[in-house]
Structures are given as C-alpha cells and as structure tokens.
Amino acid sequence: MEINNIKPIKEVLLFAILLLITSCNEEIRYETQINIENNTNYNIEVTLFPKSEYVHGTLYKFSDIGGGYNPIIFISNPNSENYLFITKNMDIEPYMIAQNIFDSIYVKLDNEVQTEIIFKLDTVVNYSENIFSPNSHWDFEKVEYDMQDMFNENPVVADCYTFVIN
C-alpha cells in the first residue's frame, strides 16, 4: 500500500517544481544610480547628511527600490567608486537625486593638509563643482547586470551617474 502512495506524491512534487520554474519570469528592472568616485591618491572619508526620513541611526536608506542601508560615514579608497543612492525614477537628473536625499555631503581627503570639501545645496567649499548644482559634471554609463535571488537572475538596466573627486 505504501508503494501506491509514492506515485501521487511524485506527481504533486513534479507539478510543484514545474509551477515554480514557469512562474519565475524575468522582468527587467530599470534604475538610476548616483555614485561618488575617489579619483585621488588618498583615502577619503565621506560623511553624508541624509534627510531625516532616510536616517536610521548611523545608517541611511540608500534605495527607494527595496530594502538596504549603508553607513552614513565611510572610507573610499583611491580609485574606487561607492553608491550614494539608487532610485526607480528614470526621469531625474543626478543632482536632483542628491538634492532630494541629502542636505549636505562632507569629503575629507587623507592628504598632508587634511583637505575638507563641503557640498551644500547652495554652497561648495574647496572644490570647483557642487554635487547639488545643475551645472555639475557627472560621468554617465548605462550598465546592464543580473540581480540574483534564490531562484533566478533578474536583469537590471541602470543609468549610472558618477560624481568624481579629483
């Protein structure tokens, strides 16, 4: 009698697996990212001042797409790039994302004189451009990658804007 019960269990299990596989459709996610790049020969300490609704202790919510938090203060090594924010809004300029998420950003170079760069909405100190200004220069690159989860790869197309600290 036990042998007869195995066949229906196998059929149900096979059906469940097929249902799971066919229900995992790939849907392309589109996003816009703003990044900061350390193009100096020094480590830089970046201190972000996010708007209060994004702050969670010493972390901030770095995306409006899903969960995830990054430290408000981080060290960026020479010639490295760090995410500042990721949004599903594809019709927004990078400086506007910065304005919407942050009140100010401080960058301290670990050089001989410990240079501190300050970016505020209407002011910049010790740098030629302001990350919050419509006239600021951002490097642009369209990137395609797969965001993996437990069952499949989810394609992502990202407009990546990078503000470079030289």
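Nothing in this text is a laboratory measurement; each read-out follows from the coordinates by a stated rule. Treat the numbers as computed from the prediction; the structure is a model and nothing was measured. Cβ coordinates were reconstructed from backbone atoms using ideal geometry, including for glycine residues, and neighbour counts include every protein chain displayed.
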**OP:** Work out from phi, with θ = phi - 60° and the Karplus expression 6.51 cos²θ - 1.76 cosθ + 1.60, the ³J(HN,Hα) of each residue of the range 113-119, listed in order in whole Hz, and give x for Gly and Pro.
**Re:** 9, 6, 4, 10, 9, 10, 10
Subject >> In Hz, Karplus ³J(HN,Hα) per residue of the range 31-48 (6.51, -1.76, 1.60; θ = phi - 60°; x = Gly, Pro) >> reply: 8, 10, 10, 10, 10, 10, 10, 8, 9, 10, 8, 10, 5, 10, 9, 9, 10, 9
Original post:
Using 0.36 nm per residue, how much length does the chain from I118 to I75 gain when fully extended, once their Cα-Cα distance is taken away?
Top reply: 13.9 nm
Subject >> Local net charge near N41, Cβ-Cβ under 13 Å (Lys/Arg +1, Asp/Glu -1) >> reply: -2
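Taking the Cβ of I92 as the centre, find all other residues whose Cβ is under 12 Å away and add up their charges (Lys, Arg: +1; Asp, Glu: -1). Could you put the intermediate results ahead of the total?
On the way: positive: K88; negative: E31, D64, D91, E93, D159.
With Lys, Arg at +1 and Asp, Glu at -1, the net is -4.
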Subject >> Under-5 Å amide H pairs with D103, H placed in peptide plane, nonlocal only >> reply: F49, K51
**OP:** Please name which of Y95, T32, I72 has its Cα lying farthest along the dipole of the range 28-166 towards the positive end, using unit charges on Cβ (Lys, Arg +1; Asp, Glu -1) and the Cα centre as origin.
**Re:** I72
**OP:** Please turn the phi angles of the range 91-101 into ³J(HN,Hα) values with the Karplus equation 6.51 cos²θ - 1.76 cosθ + 1.60 (θ = phi - 60°), one per residue in order, whole Hz, x for glycine and proline.
**Re:** 10, 9, 7, x, 5, 6, 4, 4, 5, 6, 9
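Would you mind getting me the FRET efficiency between N111 and T58? Use the beta-carbon distance for r and R0 = 30 Å, nearest 0.05.
On the way: r = 26 Å, r/R0 = 0.85.
So the FRET efficiency works out to roughly 0.75.
How large is the dipole of the range 43-166 about the Cα centre if only Lys and Arg carry +1 and Asp and Glu carry -1, each at its Cβ, rounded to the nearest 20 debye? Spell out each step's value before the answer.
Details: 6 positive and 19 negative charges, 73 e Å.
For the range 43-166, the charge dipole is close to 360 debye.
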Original post:
Among the aspartates and glutamates, which have Cα under 15 Å from the Cα of K51 when same-chain residues fewer than 8 positions away are ignored?
Top reply: D64, D103
Original post:
For Q114, what is the net charge nearby, where nearby means another residue's Cβ is under 13 Å from its Cβ and Lys, Arg count +1, Asp, Glu -1?
Top reply: -3
Subject >> Peptides 111-122, 137-148 ordered by average Cβ neighbours within 10 Å, highest first >> reply: 111-122, 137-148
